[in-house]
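Worksheet for the structure shown next.
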Amino acid sequence: MRSSNPVFSRRGFSRDNGQAGFNAAPQAGGPAVGTQNPYATNPYATNPYAQTDPQFGGAGPQAPARSGVMTIDDVVTRTASTLGTVVLTAVLAWVLLPVDQDNLGKSYGIAIGAALVGLVLALVQSFKRKPVPALILAYAAFEGVFLGVISSAVSTYLSPGVVVQAVMGTMAVFAGVLFAYKMRWIRVTRRFYGFVMAAAMGFVLLMVANLLFSVFGGGDGLGFRSGGLGILFGVIGIILGACFLALDFKQVEDGVTYGAPREESWMAAFGLTMTLVWIYLEMLRLFSILSGND
C-alpha cells in the first residue's frame with residue numbers, strides 16, 4: 001500500500017499463492033493481473049481484486065485467515081506512534097524554539113529546515129517498495145518541529161485560540177470522514193479517485209504559483225491564502241484533505257481484506273499522518289483568516 005497525500009501516487013495489493021505482494025503473478029484460474037509499474041498506473045483501475053469488490057460491480061472479497069498480515073490494530077498502533085512523534089516534537093519545538101523578536105528569525109530558519117528535511121524523507125519513503133519505520137518516524141519528528149514553531153508563532157502573534165481550534169477541527173474532520181466511510185456514505189471508486197487526484201494537482205499548482213508570486217512580487221501573491229479567496233481555498237484544502245482520508249481508509253480496508261504484509265501498516269500510518277498534517281495546516285490558516293488576522 002502506498003501513502004496518500006496530494007502529491008504522492010498510490011499502489012494496490014495483489015496476492016500470490018495466498019501471500020500478499022506487489023505486482024505478483026496471478027494465480028492459475030484467477031483474475032488477470034498486469035505487471036505495470038505500480039507507481040505509473042491507477043491502482044483502482046488495475047486492482048486485481050476489482051473483479052470481486054462490490055464497489056466495482058463484483059460479488060465481494062473473501063478475507064484470508066493467515067498470520068503475519070496487516071490488521072486494524074497494527075494500523076492503529078503504528079499511526080499512534082507516528083502521530084505521537086509529531087505531537088512530542090511539536091511540543092518540544094514550541095518550548096525550546098521561542099518565537100519572540102530576538103529569536104524569531106532563528107526559529108523560523110530551523111522550522112523551514114525541518115520542513116525541507118521532512119519533505120525529503122517523505123519523498124525517499126514514497127519511492128521505496130517497502131516501508132522503513134526509521135524513515136517514517138524521522139519524517140514525523142521533523143514535521144513536528146515545523147508544526148511546533150508555526151503553531152507557536154500563530155498563537156503568539158495572531159490568536160492564542162487558533163491552534164486549539166485547528167486541532168479540534170482536524171479531529172472533527174477525521175471522525176466525520178471515518179463515520180461517513182464506515183456508513184458507506186462515501187464510496188471510493190475509480191471516478192472518485194480520479195477526481196480527487198485531478199483536483200489536488202490543480203490545488204497544489206495554484207498554491208505553488210501563489211507562493212512564487214508572493215516571493216518575487218511581494219505582498220500576498222495572487223491572494224489565494226488571504227482574505228475572501230484565502231477562506232475559499234482554505235475550505236477547498238480541507239475538503240481535499242477529507243477526500244484523501246477516505247482514500248487512506250480504502251487503502252487500509254483493502255490491505256486488511258486482501259492480506260497485506262504486517263509491515264504495510266507503517267505505510268498506512270505514514271499516509272494518515274501526512275493527510276492529517278495537511279488538514280491541520282489548512283485548518284490553522286483558515287481559522288487565522290476567520291479571526292481577522294490574516
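A few points about this structure:
- FRET efficiency estimate (nearest 0.05) - Cβ-Cβ, LEU92 to MET183, R0 35 angstrom: 0.35
- Relative contact order for region 72-290: 29 percent, from Cα pairs under 8 Å spaced at least 6 residues apart, divided by residue count.
- Among the chymotrypsin sites (Phe, Trp or Tyr not before Pro) found in region 106-168, those both in a DSSP coil and sparsely packed, with 16 or fewer other Cβ atoms within 10 Å of their Cβ, are PHE127.
- Sorted fewest first by neighbouring Cβ atoms within 10 angstrom, PHE195, PHE203, PHE216 come out as PHE216, PHE195, PHE203.
- Neighbour-count order for PHE249, PHE213, fewest beta carbons within 10 angstrom listed first: PHE213, PHE249
- Measuring nothing but how far apart in sequence close Cα pairs (under 8 Å, 6+ apart) lie, relative to its length, region 192-273 scores a relative contact order of 21 percent.
- Remark: spin-label model distance LEU290-LEU119 equals 2.8 nm, labels positioned 7 Å along the Cα→Cβ axis.
- Across all directions, the shadow cast by the convex hull of region 72-290 built on its C-alpha atoms averages 12.5 square nanometres.
- Per-residue ³J(HN,Hα) for region 173-186, Karplus 6.51 cos²θ - 1.76 cosθ + 1.60, θ = phi - 60°, Hz, x for Gly and Pro: 4, 4, 5, x, 5, 4, 5, 5, 5, 5, 7, 6, 6, 10
- Prolate/oblate/rounded call for region 72-144, Cα gyration tensor, a/c under 1.5 rounded: oblate
Each reported figure results from applying straightforward, stated rules to the coordinates on display, with no laboratory input. Keep in mind that this is a model prediction, so the values were computed, not measured. Here the Cβ is made from the backbone with ideal geometry for all residues, glycine too, and neighbour counts use every protein chain on show.
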